[in-house]
Amino acid sequence: MDDMVLSQQEGLRLRSILEMMVETTGVDCAVLLTRGGTVLGSAGKTNGRVIELAALAAGTYASAEELLRQVGEVDFSAVSHDGVRTHVYVGRVGTECLLLSLYDYQATAQMVRLQSRVAAEACQLVIEQSAARVRNSHTAAQPAPAFSN
């Protein structure tokens, strides 16, 4: 999934979804990333640390997922951490992406979780449409088979 190709329109749609999440929940920032840590879009105040945040979120999610797998948990969808000033929520978007949210006391955990699911569904739709577009362009670019007599 780290080789995803988004069109400019798809990138703008993802950013719009993330901006809506920031507005409706009061999170400080929302970052859409692949499970490998590649940033697909962000909104809010990342303070220029979006790449570092994405890499750490991907690693945190993978570690927690493996920990739970080791103890027999088969379905895992989110990581949550409550800090003194900042809280972190990393939720799954489909099977290949994650949505990172950083928030403080002004946003409630329940609202962040709820709106993260809403945003994840909307982002997943854009991602699926992008993948279909890329698949179709590869299919159309295939040369016709040669016929021999």
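The values are calculated or read from the model by the stated rules, or taken from the named source; none is laboratory data. Just so you know, these numbers come straight off a predicted model, no measurement behind them. Note that each Cβ is placed from the backbone with ideal geometry, even for glycine, and that neighbours are counted across all protein chains shown.
Values for this structure:
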| read-out | value |
| --- | --- |
| Segment 17-68 - residue that is farther than 23 Å from Tyr105 by Cβ and over 14 Å from the mean Cα position of the chain (by Cα) and, of those, modelled with the lowest pLDDT | Gly48 |
| Subset tally (residues that are buried (at least 20 other Cβ atoms within 10 Å of the Cβ) and charged (D, E, K, R)) for segment 65-120 | 1 |
| Residue list for segment 48-66, restricted to those being within 11 Å of Leu98 (Cβ to Cβ) and acidic (Asp, Glu) | Glu65 |
| Where Met4 falls short, out of the listed (1) in a helix (DSSP H, G or I); (2) surrounded by 13 or more Cβ atoms within 10 Å (Cβ to Cβ); (3) modelled with pLDDT under 95 | (1) |
